[in-house]
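S.K.: Right, I'll just put the structure down here and ask away after.
Just so it is clear, none of the values below were taken in a lab; they were calculated from the coordinates. Being a predicted model, the structure only gives us computed values, none of them experimental. Every residue, glycine as well, gets a Cβ built from its backbone with ideal geometry; the counts of neighbours run over all protein chains shown.
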């Protein structure tokens, strides 16, 4: 593994070693060893944790490939919600809660 790749990606994301450590659960000292090419054979589990946070595929660290940044899917899906309430349950407060839920769902 090339530690420079890790250091570059971490920098691109604006993450300190401390923050990356917090996000991945990997010790700061271990991450530092990886970046300085002292630890060159991390486990797949460690690589997966780092790749997830840095939004790249594990393959980027293992092979000499360009980073493939994971992107959020632009595929839209349909969510149908049916709420069944009796007349005595349909209060102004319940209607407001339902509206708030719909607002949260519709927020990008």
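S.K.: Please pull out the direction-averaged projected area of region 1-52, using the convex hull of its alpha-carbon atoms, in nm² to one decimal place.
M.R.: Projected over every direction and averaged, the Cα hull of region 1-52 covers 3.0 nm².
S.K.: Which of the peptides 88-100, 41-53 is most tightly packed, and how do the rest follow, judged by the mean count of other Cβ atoms within 10 Å per residue?
M.R.: The most tightly packed comes first, giving 41-53, 88-100.
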